[in-house]
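Report on the structure given below.
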Amino acid sequence: MTVEPSEAPHLGEVIVDARGIEKYFGRNHVLKGIDLKVRRRQAVMLIGRSGSGKTTLIRCLNFLEEPTMGSVEIDGLRVEADPLHANTRARREQIRQIRLRTGMLFQEFNLFPHMSVLANCIEAPMRVRGVPEAEAVATAGRLLEKVGLADKRDEYPERLSGGQKQRVAIARAMCMEPKVLMFDEPTSALDPELVGEVLTVMEELAHEGTTMIVVTHEMHFAREAADTVVYMDEGRIIEAGPPEQVLGDPEDERTKTFLHRFLSSFADREHAHDPGT
Amino acid sequence: MIAADAPKPDSILPQVEASRARADALFRLKSAGTWLVVIGLVLVGLWATDNIDTAFIAEWGPFIFGGAGLTILVSVVSIFFATILALIGAMGRLSRNPYLNGVAALYVSLVRGTPLIVQIYFIYLALPQVGIVLPAIPSGIIALSFNYGAYMTEIFRAGIQAVPQGQREAAESLGMPERLVMRRIVLPQALRIVIPAIGNDFVAMLKDSSLVSILAVEELLFRSQLVGRQNFRSLETLLIAAAIYWILTITFSYFQQRLERRMARGDR
Amino acid sequence: MNHLRLGATVLASMMLVAACTPAGSGSASPSSAAGSSAASPSNATADIPAVVCVGEATTYLDWLNGDLKPDTQDAITEPSSTTGDLLETIKQRGKLAIATDANYEPQSFRKPDGSWQGFDIDVGTEIAKRLGVTAEFQHQEWDIITAGSWSGRWDISVGSMTITTGRKDLFSFNQPYYYTPAYMAASTRSGVTSVDQLPFDLPSGVEAVTRPTDSNCVEDIKANRPEFDLLITSGTVIDAAVTSGQPIVKIGEPIFQENLAVAIDKSGPTHAALLFEIDKAIGEMHADGTLTTLSEKWFEGEDLTQDPSGG
């Protein structure tokens, strides 16, 4: 099914347009024909059981995984899945162009441990986009301020907490001015007491109109920050819509079962790190 | 001192700690003492049975010791070039280009499959037959670099592979082209992983550099053999050479271990 | 417990010391076999291995193998032109690179300060001086020097090289600068003092073993290794070893005479002019007594520079 957000006047034109995404790992069919459209300023949350394909889906969107079939268009650049010729020079360059239009956040943060926080943030802008150092530093400073870590710019990642690392990673991704931010379970690797600070930053970004696609298990956060919640199961999109509809009054039986089981088993946890509201 | 009758459990802790420290110190003392006693006995035994000519050692020791400079020089230069070769070799081994990969794999296999002494002779004696004439010291350095480069290629390859996949993914997700990812993200981290191994290899190189003595390079072993043969005193001269090698390797191992510990602390 | 361990270590190290001490060394009495031979000196045949030690790539090895063909140099004439000759290169660089094996006292050996000394060294230095350049010595193993194909790493060998028919394929030789007899030596432990005591024919009845250089043969005997009791080398080397107290004695008459000369690699650049100039220098050194003086200085007053064949 195609995900179209409910009529919402604040949303802009389509930024991400994935069509017919199929993905096999060997013989294992993980994504079974996914269509996904994301508009400017839209915050889309992907939920579902583990193994439902949500992480694979966002990794296919910036070609960290090569889709078996289908195509991805981001900000006007369309790239067809082509697993047979995935490694030609021209194609690698196309994929790089897609990645320049997207920012990716990982469960494990993946900050560069041999670089200071500031160096992490200005590395790609300077060396990939050719931004002059002064400008890159200024941008990085502004974004670090935004995630609340301006005072940590000269620290090395090893001296930061998990929550701080993920906030730096967010600033680093935004320094490249991507059209869309993609988060792959950004709080799963964090100690419970550190989840809140990351979700707060993300929620703020969502409210400011940052286009984002988030794979998450944090239902409360999804309800607060999402424009659209997408429920996936067994490689398919089962249900999509505004959070109050998908999370509050799901149509599909599978969504209901998932939410019921999920909410009951995670109820305590959800409460524990309610982002500061 | 508040309740003298009932000792608190933590009041005994400093005593336990002190006794353990004493035991540790005593153990180390005894262990070091054993070294001294054994070495001393061997030396005294050799001296007492009139097998060691101390005047000869005093006379020739400095000349032999003078070879240590060349031993260190050859080792340092060779480990430098070996590191560069290993870096290139590792990139080749990890390359998706079948030709580069093939060349690198052939290099590693060829060098690891032949004795170092054959490689040394080959460069010094065989290459001139095809018109490439190299002096002895460069020949030795090239052979050692070439040889260690191959072994270190595998270490570097493992080091590069030990950099978490997530680092590459993060860099690629920022739009960094492959080469930049390698140069700026993967290699600096791989280098930190392999630096202790380079130190290890350097200590091994100090010893293997003795093989270039066959090219009449005046390093430690060459000088000790020269003096030993010409004066019929190989016992003394080989003892001197062994002692100097030992001191050199112990010294560098010490620094290498400190470096290793520092690198380990720096990680995460 | 700890004391026990320490005691065991001490015991082990004492055993190690004992093992390191050769049986017949120092003040200890010689081994029984040597003792009995020493008691009845001449004519009794010695019970020793039929093995003779020689340096690698030496004429002594050739002799043992029956391949030795002592020879004299070919006629040397002055070339019409010196253009492109090795002599020009040497004069331009101002240095004559001389290879020699520094394991042959008193011909070529080193001082504790690393400097070179010996008869060959003095001869090489004098030759360079007469060519108007300075001599630069480098050590090379004898088997590498005699293998030829020097690849230009050095210019000439002033290393007491014997002229042989085989070597003339590889090298251009000058007139000999001196002549040494090759001698056999025996270990003192064997009690052998004359060739008559040897229970085998020479050279057909013996097996040759080689060491990297002649002095290694002496060292093996000194270390009381059992493989051999005989060696063949230059009489001068034997004399020097005996003088320095090595446990060997010179036995018998000279085995053969060696014509010792400067050699130049035939596979290298044109060197007719160099050969001629060096030959001229050596002729002059013979004539003006320089060589005789040097020989008497290094060979205990002996003049070895006169041709024993009277030629």
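Which percentage, to the nearest 5, of the DSSP beta bridges contained in the protein assembly as shown is antiparallel?
In the protein assembly as shown, DSSP labels about 60 percent of beta bridges as antiparallel.
Can you tell me the relative contact order of region B:188-237? Whole percent, Cα pairs under 8 Å, sequence separation 6 or more.
18
If you plug each phi of region A:30-40 into the Karplus form 6.51 cos²θ - 1.76 cosθ + 1.60 with θ = phi - 60°, what whole-Hz ³J(HN,Hα) values come out, in order, with x for Gly and Pro?
9, 10, 10, x, 9, 10, 8, 10, 10, 9, 4
When a/c reaches 1.5 or more, the comparison of a/b and b/c decides; with that in mind, is chain B rounded, prolate or oblate per its Cα gyration tensor?
oblate
About the Cα centre of region B:68-218, what is the dipole size in debye to 20, counting +1 per Lys and Arg Cβ and -1 per Asp and Glu Cβ, all else neutral?
320
If you filter region A:102-156 for trypsin sites (Lys or Arg not before Pro), then keep DSSP loop positions with at most 14 other Cβ within 10 Å, what is left?
Listed in order of number, the matching sites are A:129.
Can you tell me the relative contact order of chain A? Whole percent, Cα pairs under 8 Å, sequence separation 6 or more.
Once divided by the residue count of chain A, the mean separation gives 24 percent.
Let me confirm one metric for peptide B:41-47, namely the mean number of other chain beta-carbon atoms within 10 Å of its residues' beta-carbons.
Counting Cβ atoms of other protein chains within 10 Å of each residue's Cβ and averaging gives 4.
Quick one: net charge of residue C:69's neighbours, Cβ under 15 Å, K/R +1, D/E -1?
Summing Lys/Arg as +1 and Asp/Glu as -1 gives -4.
Take the alpha carbon atoms of region B:129-165, find their center, do the same for region C:175-209, and report the distance between the two centers in whole angstrom.
Between the Cα centres of region B:129-165 and region C:175-209 lies a distance of 48 Å.
Rg/Rh for region A:42-100 to two decimals, with Rh computed the Kirkwood way over all alpha-carbon pairs.
Ratio of gyration radius to Kirkwood radius for region A:42-100: 1.00.
List the lysines whose alpha-carbon lies under 29 Å from that of residue A:37, not counting same-chain residues fewer than 8 positions away?
Reachable lysines: A:23, A:54, A:146, A:179, A:256.
Give a residue-ordered list of calculated ³J(HN,Hα) values for region A:243-252 (Karplus: 6.51 cos²θ - 1.76 cosθ + 1.60, θ = phi - 60°; whole Hz; x for Gly, Pro).
x, 4, 6, 5, 7, x, 9, x, 8, 7
Tell me whether region B:67-125 comes out rounded, prolate or oblate; compute the Cα gyration tensor, take square roots of the eigenvalues as a ≥ b ≥ c, and use a/c under 1.5 as the rounded threshold.
Oblate, because a/c is 1.5 or more while a/b does not exceed b/c.
When DSSP beta bridges are limited to those with both residues in chain A, what percentage is antiparallel, rounded to the nearest 5?
Just about 60 percent of them are antiparallel.
Would you mind getting the Kirkwood hydrodynamic radius of region A:118-277 from its Cα pairs, rounded to one decimal in Å?
Its Kirkwood hydrodynamic radius stands at 17.1 Å.
Stick to Cα atoms and the Kirkwood definition of Rh, then tell me Rg/Rh for chain C.
Expressed as Rg/Rh, it is 1.07.
How many lysine pairs does chain C hold where the Cα atoms are under 21 Å apart and the two sit 8 or more places apart or on different chains?
Lysine pairs satisfying the spacing and distance rule in chain C number 15.
For the peptides C:300-306, B:218-224, A:47-53, what is the packing order when you average, over each peptide's residues, the other Cβ atoms within 10 Å and list the highest mean first?
For the peptides C:300-306, B:218-224, A:47-53, the packing ranking is B:218-224, A:47-53, C:300-306.
Between residue A:97 and residue A:151, how many nm apart are label points set 7 Å from Cα along the C-beta direction?
Using points 7 Å along Cα→Cβ, the separation is 4.5 nm.
Computed FRET efficiency, Cβ-Cβ of residue C:143 and residue B:48, R0 41 Å: what is it to the nearest 0.05?
That gives a FRET efficiency of 0.60.
Provide Rg and Dmax in Å for the protein assembly as shown, with only Cα atoms included in the calculation.
41.1, 126
Specify whether the C-alpha gyration tensor of chain A places it in the rounded, prolate or oblate class, a ≥ b ≥ c being the square roots of the eigenvalues: rounded for a/c under 1.5, otherwise prolate if a/b is larger than b/c and oblate if not.
Oblate is the answer for chain A, as a/c is 1.5 or above yet b/c matches or exceeds a/b.
On average, how many beta carbons from a partner chain sit within 10 Å of the beta carbon of a residue in A:108-116?
Taking all residues of A:108-116 together, the mean is 6.
For chain C, what is the percent of antiparallel DSSP beta bridges, rounded to the nearest 5?
Given both bridge residues lie in chain C, the antiparallel proportion sits at roughly 60 percent.
Over the alpha-carbon set of region C:116-235, divide Rg by the Kirkwood Rh and report the Rg/Rh ratio to two decimals.
Ratio of gyration radius to Kirkwood radius for region C:116-235: 1.03.
For region B:68-218, what does the relative contact order come out to in percent, with C-alpha contacts under 8 Å and a separation of six or more?
Once divided by the residue count of region B:68-218, the mean separation gives 35 percent.
Percent of Cα-Cα pairs per 5 Å bin, from 0 to the last occupied bin, for region A:69-167, please list those.
Calculated P(r), rounded to whole percents: 2, 11, 18, 19, 16, 13, 10, 9, 2, 0.
For residue A:10, put the label point 7 Å out on the Cα→Cβ axis and report which residues of region A:184-214 keep their amide N under 15 Å from it.
A:202-212
Tell me, what ³J(HN,Hα) does each residue in region B:87-97 have, in order and in whole Hz, if you take phi through Karplus 6.51 cos²θ - 1.76 cosθ + 1.60 with θ = phi - 60° and put x for Gly and Pro?
4, 5, x, 5, 4, x, 5, 9, 6, 8, 6
For residue B:126 and residue C:115, FRET efficiency with R0 = 45 Å and r from the beta-carbon atoms, rounded to 0.05?
About 0.85, to the nearest 0.05.
Residue C:93 label point, 7 Å along Cα→Cβ, cut-off 19 Å on backbone N: hits in region B:133-158?
The answer is B:133-140, whose backbone nitrogens lie closer than 19 Å to the label point.
Rounded to whole Å and ordered largest first, report the semi-axes of the equivalent ellipsoid of region B:68-218 derived from its Cα gyration tensor (root of 5λ).
That gives 32, 17, 11 Å for the three semi-axes.
Read-outs: derived from the displayed coordinates by stated rules, not from any lab. Please read these numbers as outputs of a predicted model, since none were measured by experiment. All Cβ positions, glycine included, derive from the backbone under ideal geometry; neighbour counts span all protein chains shown.
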